Amino acid sequence: MSPTASRSYIGRFAPSPTGPLHFGSLVAAVGSFLEARRHGGRWLVRMEDLDPPRVMPGAADAILRLLDACELHWDRPVIYQSARADAYHAALHGLRAQERVYPCGCSRREIADSGIAGLDGFVYPGTCRQGLKGDRRARALRLRVDGPFIAFDDGLQGPIVQDLVRDVGDFLLYRSERIFSYQLAAVVDDAAQGVTDVMRGADLLDSTPRQIYLQRLLGVPTPRYAHLPVAVDERGEKLSKQTLAAPVDLECPTPALFEALRFLGQAPNVDLRRGRPRDLWAWARENWDPMRVPRARSRGIKDLFF
Ligand code: GLU
């Protein structure tokens, strides 16, 4: 995590506009922004608005307005995944040419009944691997996963090893509602945006080996990864719209930014809590220290006072 090769550092923040930005996502925005700035690099924003039923109308604009109010300024035009189907199709085509893709006719229920609980839902039991049986209709496209364990060195969480075959299995690339999977889209876009460093919440740590696997198949570079602790409530649950995490106040975002810095192990002077975001960023320019970020997958927020 030392600031080498600064000029070529490209970081990013990739919110899903399924609701207003809450504290948990703000932490990922702040961490990735300050790391990009520390390296003298660029910080990009990408809207992960792939899944129409989950996207909330107006949320993407609201997130951008909030980032602006927080003076978290991005360095290139925002990319919208909803406009990138051609790029995802091209990647899918490349994987098909390698005979890595097969149609799957299984319902969620069938997979739950015959799959084994894995790291992220059920491990696909391989039912359609040899072809669709009888008059089954394809509901999705899956990636044929085989081969070695995936290992990488996370900048915050240390060495990670995953047995992709055992823990995840053949994963989805595309669903018949014309939705590309998060894994495929994230890999294609990180490569297209030239992202060198991904800093995001540790809830995505288990996805990273799938992304590295896809990068290898698609012949694109693997960025460095660092996964920040995820903000959890007293019950240990991730803050999300579902747990009704309060959205960050557009009119007065500094206290939330201040708490995000404290959540990330930093110790800004308490006066800064009442100031403008730019005063916090001026402080962070001198003081942001990634070595102080807690090396944990999650962290409670009850001791923070916003
Ligand atoms: N869109 C994802 C989220 O909001 C983040 C994806 C990523 O950073 O790769 O949780």
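The values are calculated or read from the model by the stated rules, or taken from the named source; none is laboratory data. The shown structure was predicted, so the numbers you read here are calculated from the model rather than taken from an experiment. In this analysis, Cβ positions are derived from the backbone assuming ideal geometry, glycine residues included, and neighbour counts consider all displayed protein chains. Note: areas computed on protein heavy atoms with side chains; ligands, DNA, RNA excluded. Shrake-Rupley method; radii C 1.70, N 1.55, O 1.52, S 1.80 Å.
Observations, loosely collected:
- Sequence-distant residues sharing a close amide H with PHE13 (under 5 Å, placed H): LEU44, VAL45, ARG46
- Computed over segment 1-87, relative contact order equals 36 percent, with contacts defined as Cα pairs under 8 Å that lie 6+ residues apart.
- Listed values for segment 156-162 are Karplus-derived 3J(HN,Hα) couplings in whole Hz (6.51 cos²θ - 1.76 cosθ + 1.60, θ = phi - 60°), namely 10, 9, x, x, 10, 10, 9, and x replaces Gly and Pro.
- Spin-label model distance (nm) - GLU237 vs MET291, 7 Å beyond Cα toward Cβ: 3.9 nm
- If the Kirkwood radius is taken over C-alpha pairs of the chain, then at 10 °C and 1.306 mPa s the Stokes-Einstein diffusion coefficient equals 78 µm²/s.
- Relative contact order for the chain, counting Cα pairs under 8 Å that sit 6 or more residues apart, in percent: 21 percent
- The chain - accessible surface per residue (Å², probe 1.4 Å): 48 Å²
- Of ALA60, ALA112, ALA202, the one that fluctuates the most in a GNM where the chain has Cα springs shorter than 10 Å: ALA112
- Most simply put, the chain has about 55% antiparallel DSSP beta bridges, counting only bridges with both residues inside it.
- Full extension of the chain between ALA117 and ASP163 yields a length gain of 15.2 nm, computed as 0.36 nm times the residue separation minus the alpha carbon distance.
- Excluding exposed DSSP-loop trypsin sites (Lys or Arg not before Pro) (at most 10 other C-beta within 10 Å), longest clean stretch of the chain: 1-132
- The residues packed around PRO253, meaning those with a beta-carbon under 11 Å from its beta-carbon, carry a net charge of -3 if Lys and Arg are +1 and Asp and Glu are -1.
- Inverse of mean 1/r across different Cα pairs in segment 7-138, Kirkwood, Å: 17.9 Å
- Gain on full stretching of the segment that runs from ALA85 to LEU132 - 0.36 nm per residue minus C-alpha separation: 14.4 nm
- Segment 1-147, accessible surface, carbon-and-sulfur percent (1.4 angstrom probe): 51 percent
- Interchain or long-range residues, amide H under 5 Å from GLY300's placed H: VAL232
- Candidates ALA69, ALA185, ALA138: whichever shows maximal mean-square fluctuation once the chain is modelled as a Gaussian network with Cα springs under 10 Å: ALA138
- Considering only PHE171, PHE149, PHE13, the Gaussian network model of the chain with Cα springs below 10 Å gives its largest mean-square fluctuation to PHE149.
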